[in-house]
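S.K.: My questions all concern the structure below.
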Amino acid sequence: MGKIVALDYGQKRTGVAMTDPLQMIASGVTTVSTPELLNFLDELIGQEDITRIVVGEPKQSRGNASGVETQIMAFLQKFQARQPGMEVVRFDERFTSKMASRAMLDAGLKKKKRQDKALVDQISATIILQDYLNTKL
């Protein structure tokens, strides 16, 4: 059983999380500059046994697609051209940034650390992945 990677895709940077080999626990990996994301994923897939990519599906509170959705779809076309055998799953990511900020507050992180948007994106990717794993149980 291979690992699963989740992406919290953003216009400037993308949070990345990955499971353990048993696909039970999601952990934050890093935040990558979005223009460098394809190369980062190629390298990660070459180093790790990854079987699936979960990409957050941003929706507005009423369920409409978010404005960044067109950029995500363009990214996914490029990704699948480079990694044609990789399974890609979309997963609702509503409110994950708020949950990530709340988790940071609950963890007692100082205000300066909580304002680190790269850390928020990484935690958001972890939340997306853990929520995805929870739905598979």
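The values are calculated or read from the model by the stated rules, or taken from the named source; none is laboratory data. Given the structure is predicted, the values throughout are model-derived calculations rather than measurements. When we count neighbours, we look across all protein chains shown, and the Cβ atoms used for this are built from the backbone with ideal geometry, even at glycine.
S.K.: How many of the residues in region 75-94 are without any contact (Cβ under 8 Å) to a residue 24 or more places away in the chain and surrounded by fewer than 15 Cβ atoms within 10 Å (Cβ to Cβ)?
M.R.: Selection size over region 75-94: 5.
S.K.: What residue, among those in region 1-29 that are in contact with a Gly (Cβ under 8 Å, 6 or more places away or on another chain) and over 19 Å from ASN134 (Cα atoms), is surrounded by the fewest Cβ atoms within 10 Å (Cβ to Cβ)?
M.R.: Within region 1-29, the match that is surrounded by the fewest Cβ atoms within 10 Å (Cβ to Cβ) is TYR9.
S.K.: Does any residue of region 71-85 turn out to be under 21 Å from LYS117 (Cβ atoms) and touching a Pro at 6+ places or on another chain (Cβ under 9 Å)?
M.R.: The answer is yes, given that some residue of region 71-85 is under 21 Å from LYS117 (Cβ atoms) and touching a Pro at 6+ places or on another chain (Cβ under 9 Å).
S.K.: Residues in region 59-80: is at least one modelled with pLDDT of 95 or more, on the phi < 0 side of the Ramachandran plot and assigned to a strand (DSSP E or B)?
M.R.: The answer is no, given that none of the residues of region 59-80 is modelled with pLDDT of 95 or more, on the phi < 0 side of the Ramachandran plot and assigned to a strand (DSSP E or B).
Let's see how each residue does on (1) in a helix (DSSP H, G or I); (2) farther than 15 Å from GLU87 by Cα; (3) at pLDDT below 95; (4) not hydrophobic (A, V, I, L, M, F, W, C):
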position: LEU7; (1), (2), (3), (4): no, no, no, no
position: GLY28; (1), (2), (3), (4): no, yes, yes, yes
position: PRO35; (1), (2), (3), (4): yes, yes, no, yes
position: PHE40; (1), (2), (3), (4): yes, yes, no, no
position: THR51; (1), (2), (3), (4): no, no, no, yes
position: VAL55; (1), (2), (3), (4): no, no, no, no
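S.K.: Since GLN47 meets every condition but one in (1) loosely packed, with under 12 Cβ neighbours inside 10 Å; (2) within 13 Å of the chain's Cα centre (by Cα), which condition does it not meet?
M.R.: (2)
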